[in-house]
Every structure is written in structure tokens, then in C-alpha cells.
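To start, the structure under review is shown below, and the notes come after it.
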Amino acid sequence: MALQWRRVVDVAVGALEPGDTLVRGFKVTDSASKPGPRIQFEITKTLRSSLNTAKVRIFNLSADNRGRIKGEYQDIVVNAGYEGSALLLFRGQIRTVGTPSDGTDDITEIDAADGDRDARKSIVNFTLSAGTTTAQELDKIVGSFERTTKGHVVIKNKKRLRGKVVCGRATDALDKMAADGDAHWSFQDGRLDIVRADSTLPTEAIVIRADTGMQEAPEVDDKGIKVKCFLNPRIRCNGKIQLDNRDIKLKVARERERAPGAKKPTKAPKAKNLARLDPLGVYKVYKVIHKGDTRSNEWVSEVFAEALDKTIPAGRVAA
């Protein structure tokens, strides 16, 4: 586990080619060893087709760079974490730019979305002949994108018995393909992921405990589990986290004891109307919110996860 200290974030703004990680523009960096301008960010990611978003505020940029963001540059990349282990947190296109003032500070507010251009503008119009596979259809859809490349994709690769015409928005075609395969599609940092609803990415589960950065006891409701930890860019939608179920059960018991009129239980309460707990404490991430401020203590990841009907292996994709 990387040491979670000496925070670092850099925001690169400029122009990207498909699949690029290098932004041809400028980069603003703030770290403990090399202080820069104040940077605030809130990045929201989900495994669904609603676009991942980033709200970034940079204080006291030069007038020249502010002008370029508003008029010339379209792409933004946010890397964050800790010195020696900062990773990609967000990659997308700028939608709007605001320039409010706060006392003596000039603030550049950037609102961005991952895959925004392709979601709005990509149109498909092609014919599939009999014998064409689902993978071939997907390649044609991805080929319509200007910025997005194919990422982790697991689909039922069936052959068509009859021909088919595909015409309309590329995102509509993805909606139908995902629904046919009982899967979710999403843009994740410039790549298209399609993951079955009963599966996960083939990555190791991220262990979240008090000694690995957990800040509060996990909360459980009818939708799943929420846990807050020190900012961790390795946590990904469709990925896995591993929790200690005892932390969750203790939190539930304490909340019920504090409820008005509650009596002291004689045995452990049943998790009635609450989401299922995985026997091994491994959960699929369906949403994550990363928040950071280089001039405050806010540097957290809020993780929303759920147990699948089957136990999820901690070290490989769910069967």
C-alpha cells in the first residue's frame, strides 16, 4: 500500500488525440514539496451511461491561460493522489468555464464530462449482414467516436441470423447492446467499458479498513454500502473493494440502539430491509466521488458499492 501523505494533484488543460494521455496545453500542479495555486475538485463517476463529471476550481491562473481555457482548449486531465503514487482521476471534455471572484482571488471554474463530445455528436449508420458478430457491430460503433477508444469490454459475441440496419445515436445503439447482454456501458477516462451486471473488472479488490485510510464506519441501506476513505484513485467503477463486515454490523447495531424508543437488544439485530452483505466482504463499486482541496483537509473518496448475488472473488473477475 502506498503511503497516503504528501498530497499531489495536477490539472492539465489542452488538446488530446484519441487515446492520448499527454495534453498539449498547460499543466497546473500543487504538492507538498512544490506548492502551486489552490486547486479544488469534485469528480463523480458511475458505472452507468450517464456521463462521469468533474468540477474543478483553479485559483489565480494567468489571464492568458484563463482565456485559452474559455476559447481554445477543450480537454482536461486530472491526476491526483500522493507523491510517488498519483494516478489518473479524470479525463474528459470541458463543457463550461466560469470566472467568479472571491475577494482578491480570481477563480477559474471548469465543468467537464467524460465522453461529452462523443455522447452528443456520434451518429452511426451502417448495415450488418447475416453472420456479423456482436463484436463487429461494437467496433463500428466505437469507430464513430472522435475521442473515445475501446476499454474493458465483455459481451455475448453472438452471430446474427439476419441482416440489420443500425442508424441513429451511437449511445442508443450501446444502450440496446448492453441491455441485450444484461450489462452496463460507460465512458471511463476516455475509454468505453461494458461490464455485465453480475460481474466486475478483472482487478484486485481495494481493501478499505481503518489502517488503509477508512475515515468513518461503512453505512448500509437498501441500495448498498457507502464508505469514506482517504482519496484513492485506484478505486474504479465496476471494480471491487473489500470491507470488514463487522464494521458494518456494528454501525447498524449502534444506530438502532440510538433510535427513539429503542430497547437494548438481547442479540444481534437482523439486517431487515438492508442490502445484502457479501460473506467475504467483497463488493462491486457502482459509484465513486473524489473530492479534494489543496488548502483544506478535504481529500477523500466516497465509495458506493453493492454485493452481487454470487460471492465476488477478491482477486479476479466475478464468474
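The values are calculated or read from the model by the stated rules, or taken from the named source; none is laboratory data. Quantities reported herein were computed from a predicted structural model and do not represent experimental measurements. No Cβ is skipped: glycine too gets one built from the backbone with ideal geometry, and neighbour counts run over all protein chains shown.
Some notes on this structure:
- Some residue of segment 7-30 being aromatic (Phe, Trp, Tyr), assigned to a strand (DSSP E or B) and farther than 16 Å from Gly292 by Cβ: yes
- Members of segment 138-153 found to be in contact (Cβ under 8 Å) with a residue 60 or more places away in the chain, β-branched (Val, Ile, Thr) and not in a strand (DSSP E or B), listed by number: Thr148
- Failed item, numbered, when Ser33 is tested on (1) among the small types (Gly, Ala, Ser); (2) in a strand (DSSP E or B); (3) over 19 Å from Ala113 (Cβ atoms): (2)
- Candidate set: segment 91-118, residues that are in contact with a strand residue (DSSP E or B) (Cβ under 7 Å, 6 or more places away or on another chain) and not in a strand (DSSP E or B); chosen: the one surrounded by the fewest Cβ atoms within 10 Å (Cβ to Cβ): Pro100
- Within segment 135-159, tally of residues that are loosely packed, with under 13 Cβ neighbours inside 10 Å and within 21 Å of Leu16 (Cβ to Cβ): 3
- Of the residues making up segment 60-85, those that are under 19 Å from Lys291 (Cα atoms) and buried (at least 19 other Cβ atoms within 10 Å of the Cβ) number 7.
- For beta carbons closer than 7 Å, sequence separation of 6+ or different chains, a first residue in segment 278-289 that is farther than 11 Å from Glu302 by Cα and at pLDDT 95 or above and a second that is among the small types (Gly, Ala, Ser) and surrounded by fewer than 19 Cβ atoms within 10 Å (Cβ to Cβ), the qualifying pairs are Val282/Ala314.
- Yes/no for Lys34 being surrounded by 14 or more Cβ atoms within 10 Å (Cβ to Cβ) and basic (Lys, Arg): no
- Filtering segment 182-195 for residues that are in contact (Cβ under 8 Å) with a residue 40 or more places away in the chain and assigned to a loop (DSSP other than H, G, I, E, B) leaves a non-empty set.
- Qualifying position, being aliphatic (A, V, I, L, M) and out of contact with any strand residue (DSSP E or B) (no Cβ under 6 Å at 6 or more places or on another chain), among Ala80, Ala130: Ala130
- Given (1) at pLDDT below 95; (2) within 22 Å of Ile194 (Cβ to Cβ), index of the condition Gly151 fails: (1)
- Applying a threshold of 9 Å to beta carbon distances and a minimum spacing of six or more residues, or different chains, the list of pairs starting in segment 67-88 at a residue that is farther than 19 Å from Asp30 by Cβ and ending at one that is surrounded by fewer than 21 Cβ atoms within 10 Å (Cβ to Cβ) and among the aromatic types (Phe, Trp, Tyr) reads Arg68/Phe26; Tyr73/Phe26.
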